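The values are calculated or read from the model by the stated rules, or taken from the named source; none is laboratory data. What you see is a predicted model; the values in this text were computed from it and never measured. We place every Cβ from the backbone using ideal geometry, glycine too, and count neighbours over all the protein chains shown.
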Amino acid sequence: MILLAFLAQTLRIAIPYLFAAAGGTLSERAGLIALTLEGYMLGGAFCAAVASYQAGSPWIGMLAALAGGGALALLYAVCTIRFRADQVVVGIAINLLAIGLTRFFLRLLFDSSSNSPRVPGFQVEGSGTGFGALLQNPLVWIGLVTVALVTWVLYRTPFGLRVRAVGEHPAAAASVGVPVARVRYLAVAASGMLAGLGGAYLSLDQHQFTDQMTAGRGFIALAAIIFGRWDPRRGALACLLFAAAETLQIRLQGSEALPSQFVEMIPYVLTIVALAGVVGRAVPPAALGKTTTE
C-alpha cells in the first residue's frame, strides 16, 4: 500500500515534467535551446486558470494553456530565428517576461499579488493509494500519450526527420529543399504548447494559480532532456526519476532522521549528480544554439 501510494505520487509529480520535456526535446532537436520551458509552463498555468475561471470549464482552460504557451514560444522563435538573437539571452528574457506578465495580470484580474480564486478542475474521486483519482484526470493520460506521440513524430514521420536534420546540419537540410525556418517555428510552437499543458496540469490540479507556481520545474525538465540524451523515451524515464526524488523529499519532510534543509536538497542534488554523470557522453544536436543556417 505504501509503495503504491509512493508510485502514485511520483506519477502525479512527473506529469508536468513529461509535458515540458517532450516539448523541449522537439525544440532542442530542431536546434533551439529549450531554456524557456519555465516561462511556457508559467504562462500556460496562468492562462488555464483564467480561462477555466471565466468559462467554468477545465477543458477551456486546457485550450487557453495551449494558446498561452504557444504565444510565448512564437515570440521566442521570432527573436531567435527571424532576428537571430542569442538563444540563451532571449530564453532568460522570456522566463522573466512570463513572471512579470502573470504577476501583472494576476493583480489586474483578481486584485491579488499571490494567487487567483479557486478555479474549476477535473472532478476526481479519491482512493486509498491515489491511483484511482490520478487516472481520472485526462491530463495524466494526455501526458503519457504525449511521450509516445513525440517519439513517433521524431522517428517515424517526414516532419520528425526534418526536425532532426535542421538540428544537426541546417545548411545541408536547406540544400535539399527543407524549409529550415518553418520547421523550427513549428517545433518551437509545439514545444510551447506542450509545456503550456504542463502548466495547465499544475493550476487545474491545485484549482488555482499562484505566483511562480512552476517553481523551477521547467529547468528540471530541461535537465531531464539532457540526461535522456535528447530522446523522448529516455527523457520520460529521467522525469520519473526526478519525480521519485521529489516524492522522497516530501515523504521525508516529517521525519527527524535528517535536517529539513538536507531533505529539501534531494531533488536538486540528484539533478546535479545526474547531469554530471552524462557530461562528456551526451552529444547534443550539432546545431543547437546556433543562430545561422551556415
*Give me a count of the residues in the range 133-186 that are closer than 22 Å to L75 by Cα and touching an Asp or Glu at 6+ places or on another chain (Cβ under 9 Å).*
2
*Do you know which residues across the range 213-245 are in contact with an Asp or Glu (Cβ under 8 Å, 6 or more places away or on another chain) and among the hydrophobic types (A, V, I, L, M, F, W, C)?*
F219, I225, W230
*In the range 149-172, residue farthest from P58 (Cα to Cα) [restricted to those that are touching a residue at least 60 places away in the same chain (Cβ under 8 Å) and among the small types (G, A, S)]*: A171
_Selected residue [closer than 22 Å to V147 by Cβ, among the hydrophobic types (A, V, I, L, M, F, W, C) and part of a helix (DSSP H, G or I)] from L74, L7_ = L7
*Does Q54 satisfy the condition of being out of contact with any strand residue (DSSP E or B) (no Cβ under 7 Å at 6 or more places or on another chain), assigned to a helix (DSSP H, G or I) and more than 30 Å from W152 (Cβ to Cβ)?*
yes
*Taking into account only those residues within the range 111-149 that are over 17 Å from T10 (Cα atoms) and buried (at least 17 other Cβ atoms within 10 Å of the Cβ), which is modelled with the lowest pLDDT?*
F122
*Taking L4 as the residue in question, decide whether it is at pLDDT 95 or above, farther than 12 Å from A189 by Cα and not charged (D, E, K, R).*
no
*For residues in the range 150-201 being among the polar types (S, T, N, Q) and part of a helix (DSSP H, G or I), which is surrounded by the fewest Cβ atoms within 10 Å (Cβ to Cβ)?*
S175
*Inspect the range 84-104 for any residue being crowded, with 21+ Cβ neighbours inside 10 Å and of a type in the set (G, A, S) and give the result as yes or no.*
yes
*Filtered residues of the range 78-119 (kept if in a loop (DSSP other than H, G, I, E, B), more than 22 Å from the chain's Cα centre (by Cα) and of a type outside the set (G, A, S))*: F83, R84, D111, P117, R118
